[in-house]
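Here is the structure we will look at.
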């Protein structure tokens with residue numbers, strides 16, 4: 001009996017070892033899809049993003065990861081070039097302001113959708129009118145302005161609003177031009193799954209939850225876009241995205257975790273790319289709260305927080321301290337005259353005492369969980385720094401959906417950590433969020449409101465920028481916010497590809513992307 | 001048997017009703033999808049307009065009644081975000097989850113039974129102790145940690161397996177192994193304790209005394225009787241695996257139900273979550289039903305009533 005057991009045990013161990021050794025060999029040889037991408041003649045770029053597109057109809061959404069995919073199929077009239085700081089034509093060849101209410105746009109001649117439909121003025125009218133009833137975040141404000149599109153001839157349209165609105169062409173960067181014939185044929189639901197546009201790529205397949213595969217359009221009217229295929233993979237977990245980049249399963253990734261920054265930076269085959277984002281981070285004061293209504297208290301809070309330390313220690317240098325305004329340097333309307341409140345805890349204490357601040361009563365500061373880079377660490381650190389000058393802060397982190405609902409209900413008071421992002425590179429959104437009419441506006445300053453009202457209808461760019469400068473100066477002087485920083489968006493790519501432009505508005509631009517030479 | 005099936009079907013209706021009420025109430029208490037769709041600077045007017053457009057401004061009872069009316073017709077509504085039929089989106093993801101769960105369960109059973117039997121036969125030996133330490137680790141290590149370790153070791157360092165997505169067999173191994181690890185460890189321990197109990201019973205001694213081979217004694221006589229409690233646990237494990245291995249699917253970018261659920265909960269895409277809960281509840285009901293029948297087959301003393 002004993003002998004039999006010994007033999008069995010030995011056999012078991014030998015068998016187990018053999019299976020263990022053979023399994024990886026068998027599997028590794030059966031993995032051509034994983035390893036053989038380089039050998040094929042088709043040039044492919046694979047990009048890993050955290051979120052899958054919900055739809056490919058980008059008239060219905062402005063989510064960056066969705067725009068990156070569908071933006072290769074559907075194109076707008078114009079787009080913003082962050083390198084030159086100017087609008088450039090895409091489907092529009094020229095555009096000009098006729099008067100305060102009207103823009104005239106000349107379309108690029110000879111452009112066709114990939115199904116063969118010609119691009120013309122009637123088609124643009126159809127596309128923009130469809131956009132006005134869509135769920136895109138810009139749709140309702142343009143609908144409220146009664147934006148109308150009038151075809152002048154085959155390749156010219158006029159865009160008219162019922163009131164002066166300076167951002168018609170900037171908003172047009174977010175309006176994809178969809179083909180009327182194809183949409184009429186297939187309907188909205190099918191279009192969301194299988195769109196057709198004028199862009200450089202067409203949809204080959206969309207495997208739900210896994211990938212979207214796009215292939216180069218033979219009939220594309222423009223230049224650039226060297227890759228034959230673009231594959232967008234869904235990789236929700238940040239650590240897995242980094243791993244997929246390391247193994248070569250993807251060539252580029254977005255939303256790199258700070259924890260992985262050094263790993264990527266230390267890998268000779270990979271580059272981490274930090275891009276200053278259009279998102280400004282700050283603590284919003286409820287200026288009507290009696291404990292914060294004295295400007296000296298708000299100034300003291302600004303002096304009490306060491307913003308440089310937050311950026312260097314918690315963001316590992318991946319951010320830029322805001323210079324006393326919620327507007328990044330790449331944004332039109334940035335005020336070059338302003339400076340950040342210097343870190344000076346002694347001055348902070350002195351200001352608080354002068355203002356008769358009640359040190360015994362704790363203040364609640366709301367924060368988010370995982371919405372912004374290192375958000376929980378940042379709110380805890382800010383609370384700690386305020387604690388150093390005697391201000392007691394109770395931090396309440398909230399799940400993003402709950403945070404948003406309470407933000408809109410106006411119950412995140414007296415302090416909340418928040419990031420405001422602008423999809424278009426103009427300071428208006430970043431400033432107007434602090435006006436009293438805005439849903440989260442807690443600055444409650446009538447002078448500020450008046451300036452922003454005027455800016456909202458000032459067409460002439462220099463005059464509008466002057467108004468922005470006045471507004472940001474007032475916001476800084478009155479310490480309407482606890483100014484923190486602009487965070488960097490971190491991307492990474494391997495050395496197999498070059499020329500990808502990672503933009504401040506979450507966009508991954510592949511126009512110059514090509515296999516590495 | 002017929003009475004058993006009818007009673008189970010009636011119970012199933014109540015279970016599904018309960019699941020729908022609980023998921024509906026919890027989701028609606030947690031907020032609404034409109035706040036997550038609109039930009040942060042949207043006005044109260046725009047919010048109200050979208051709430052009305054999507055029907056979230058109606059009383060909760062009315063929303064539930066409309067939901068139930070649709071459900072009776074097999075209509076789970078449309079995804080708030082993608083505007084595609086919710087059940088279609090859920091069913092699209094089901095094959096990936098089934099595949100992962102099946103392989104995880106297969107790995108679990110294939111390793112757990114021999115390990116449990118070996119540990120029982122050689123109780124107290126180095127094999128037993130080694131296996132029990134391994135099963136303890138398997139039960140204790142959280143799946144997210146195990147998944148990341150697998151990715152780093154077998155994906156990034158050794159390059160044996162891809163780390164993300166669904167494809168051939170090579171894509172399945174790491175997620176299935178990390179998903180099946182807990183079940184594998186628990187089953188191995190159960191098999192061991194079940195076998196130990198049975199191996200010391202009188203009829204086993206009788207079987208041995210009759211001169212039957214050890215193999216026959218262990219497999220035919222002991223294992224079959226040790227199976228009864230294990231089947232129940234395995235049944236529950238299968239249902240849990242099918243219910244969406246949320247963490248595993250997220251870590252390994254596996255395009256299954258779990259990944260869809262987590263995203264839909266975070267975006268408050270109620271119709272998708274409700275459709276997914278319905279599918280998961282059905283899975284539990286079906287698996288429990290199947291386990292009961294299997295129970296009767298394995299142990300004739302059990303009568304289905």
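The values are calculated or read from the model by the stated rules, or taken from the named source; none is laboratory data. No experiment lies behind these values; they were computed from the predicted model shown. Quick reminder, even Gly has a Cβ in these numbers, built from the backbone with ideal geometry, and neighbours come from all protein chains shown.
Condition test on residue A:173, is it touching a strand residue (DSSP E or B) at 6+ places or on another chain (Cβ under 8 Å), away from chain B (no Cβ under 14 Å), surrounded by fewer than 19 Cβ atoms within 10 Å (Cβ to Cβ) and touching a residue at least 40 places away in the same chain (Cβ under 8 Å)?
Values: touching a strand residue (DSSP E or B) at 6+ places or on another chain (Cβ under 8 Å): yes; away from chain B (no Cβ under 14 Å): yes; surrounded by fewer than 19 Cβ atoms within 10 Å (Cβ to Cβ): no; touching a residue at least 40 places away in the same chain (Cβ under 8 Å): yes.
Judged against the criteria, residue A:173 is not a match.
Tally up the residues in the stretch A:193-221 that are part of a loop (DSSP other than H, G, I, E, B) and at negative phi, please.
So the count comes out to 14.
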Worksheet item: Can you name the condition, by its number, that residue A:184 falls short on among (1) at pLDDT 95 or above; (2) surrounded by 19 or more Cβ atoms within 10 Å (Cβ to Cβ); (3) over 22 Å from residue B:47 (Cβ atoms)?
Response: (2)
Fill in: Some residue of the stretch B:114-125 being in a helix (DSSP H, G or I) and under 25 Å from residue B:259 (Cβ atoms)
no
Fill in: the stretch A:51-96, subset touching a helix residue (DSSP H, G or I) at 6+ places or on another chain (Cβ under 6 Å) and within 21 Å of residue B:79 (Cβ to Cβ), residue nearest to the other protein chains (Cβ to nearest Cβ)
A:55
Item to complete: Can you give me the ranges of the strands (runs of 3 or more DSSP E) entirely in the stretch A:75-137 with at least 3 residues that are surrounded by fewer than 15 Cβ atoms within 10 Å (Cβ to Cβ) and without any contact (Cβ under 8 Å) to a residue 24 or more places away in the chain?
Response: A:92-99
Worksheet item: Quick one: how many residues across the stretch B:38-62 are in contact (Cβ under 8 Å) with a residue 12 or more places away in the chain and outside any helix (DSSP H, G or I)?
Response: 2
Discussion item. Of all residues being within 18 Å of residue A:287 (Cα to Cα) and surrounded by 17 or more Cβ atoms within 10 Å (Cβ to Cβ) in the stretch A:392-410, which is nearest to the other protein chains (Cβ to nearest Cβ)? Just the residue, please.
Written reply: A:408
Response to the item:
Note: among B:91, B:71, just one is in contact (Cβ under 8 Å) with a residue 60 or more places away in the chain, within 12 Å of chain A (Cβ to nearest Cβ), at negative phi and part of a helix (DSSP H, G or I), namely B:91
Discussion item. Quick check on my filter: what residues within the stretch B:15-49 are more than 16 Å from residue A:407 (Cβ to Cβ), buried (at least 18 other Cβ atoms within 10 Å of the Cβ) and within 12 Å of another protein chain (Cβ to nearest Cβ)?
Written reply: B:27
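Can you tell me which of A:389, A:369, A:418, A:382 is buried (at least 21 other Cβ atoms within 10 Å of the Cβ), touching a residue at least 12 places away in the same chain (Cβ under 8 Å) and within 14 Å of chain B (Cβ to nearest Cβ)?
On the way: A:389 fails: within 14 Å of chain B (Cβ to nearest Cβ); A:369 fails: buried (at least 21 other Cβ atoms within 10 Å of the Cβ); A:382 fails: within 14 Å of chain B (Cβ to nearest Cβ).
So the residue among A:389, A:369, A:418, A:382 that is buried (at least 21 other Cβ atoms within 10 Å of the Cβ), touching a residue at least 12 places away in the same chain (Cβ under 8 Å) and within 14 Å of chain B (Cβ to nearest Cβ) is A:418.
For residues that are in a strand (DSSP E or B) and crowded, with 24+ Cβ neighbours inside 10 Å, scanning just the stretch A:246-276, find the one that is nearest to the other protein chains (Cβ to nearest Cβ).
Keep residues of the stretch A:246-276 that are in a strand (DSSP E or B), which gives A:252-253, A:270-276.
When the remaining residues are screened for being crowded, with 24+ Cβ neighbours inside 10 Å, the result is A:252-253.
Numbers: A:252: 14, A:253: 10 Å.
My answer is A:253.
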Worksheet item: Looking at (1) crowded, with 23+ Cβ neighbours inside 10 Å; (2) more than 14 Å from chain B (Cβ to nearest Cβ); (3) touching a helix residue (DSSP H, G or I) at 6+ places or on another chain (Cβ under 8 Å); (4) not in a loop (DSSP other than H, G, I, E, B), can you tell me which one residue A:243 breaks?
Response: (2)
Worksheet item: If a residue has to be part of a helix (DSSP H, G or I), facing chain A (nearest Cβ under 7 Å) and more than 27 Å from residue A:267 (Cα to Cα) to count, how many in the stretch B:156-177 make the cut?
Response: 1
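I need the full set of residues from the stretch B:112-141 which are within 12 Å of residue B:181 (Cα to Cα), in contact (Cβ under 8 Å) with a residue 24 or more places away in the chain and more than 13 Å from chain A (Cβ to nearest Cβ), in order please. Working first, answer last.
Restricting attention to the stretch B:112-141, the residues satisfying the condition of being within 12 Å of residue B:181 (Cα to Cα) are B:112, B:134-141.
Among the residues that remain, those that are also in contact (Cβ under 8 Å) with a residue 24 or more places away in the chain are: B:112, B:134-139, B:141.
B:112, B:135, B:136, B:137, B:138, B:139, B:141 - these are the residues of the stretch B:112-141 that are within 12 Å of residue B:181 (Cα to Cα), in contact (Cβ under 8 Å) with a residue 24 or more places away in the chain and more than 13 Å from chain A (Cβ to nearest Cβ).
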